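Notes follow once the structure below has been shown.
What follows is calculated from the coordinates using simple rules that are stated; it is not laboratory data. Just so we're clear, the structure is a prediction, and the values are computed from it rather than from any experiment. For neighbour counting, all protein chains shown are included, and Cβ atoms are generated from backbone atoms with ideal geometry for every residue, glycine included.
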Amino acid sequence: RPFSPIFCRLGYDQVRIGCLLKPGHREDMSVRRLAMSSDKLNKLLQFAANIGVIGGLVLVGLQLKQNSDLLKTQLLYEESGRFISGEQALYGENAARVWAKSIEQPRELTLEEIRIVDAYLYTTAELWRSTHMLAQLGLLDDEGDWQRRVKAEAPYFLGNEYGLAWWSVYREEANMAAPELIGLVDQVLEANPEFTLRYLTLPMERLKSQD
């Protein structure tokens, strides 16, 4: 066959070269270029498949961790629920009277009455801790829920002489309570040290003012 010239691009100049390539040779080059392109495509597909496998493994790992956290939360809740139930069983029929006595006459409490008040207050603190734990695990819609609960309940239950004394002991012994939870309760009680009695007697005072 006669030789056929082709154009080759060298840099930015086109030079006509009387190439010694026959048409059959050009076909072989096209096949080789096609094979190289196919090989590159296969490598890209293999790389993408590997990325997909790695991504899948990461997602599985995250799912397992989330399931583990949920299981841990469930177990802690069950344990906390059993503890709270046991403490509530100690209240007895005179829990309200005993709690009122701890507010009005804290220094006259008997040991039995102290145990009843301790169960009452410890249950309350345990519920705060559980709510805070749920917030830390991201299981509450609003992380501020635990803060609002503490701000609303801490003055009511602990804003009295005995409650403040009880809290000073609890905060030193509560190894499981988060520092930010303890810090918030401290802050709330500092601002409302005599809230309980004032809150409980305020309705009667308003009734008397209306007479």
Three-way shape call for the range 132-211 based on the alpha-carbon gyration tensor, with the a/c threshold at 1.5: oblate
Which peptide among 156-162, 201-207, 110-116, 136-142 comes first, and what is the full order, when sorted by highest mean count of other Cβ atoms within 10 Å? 156-162, 110-116, 136-142, 201-207
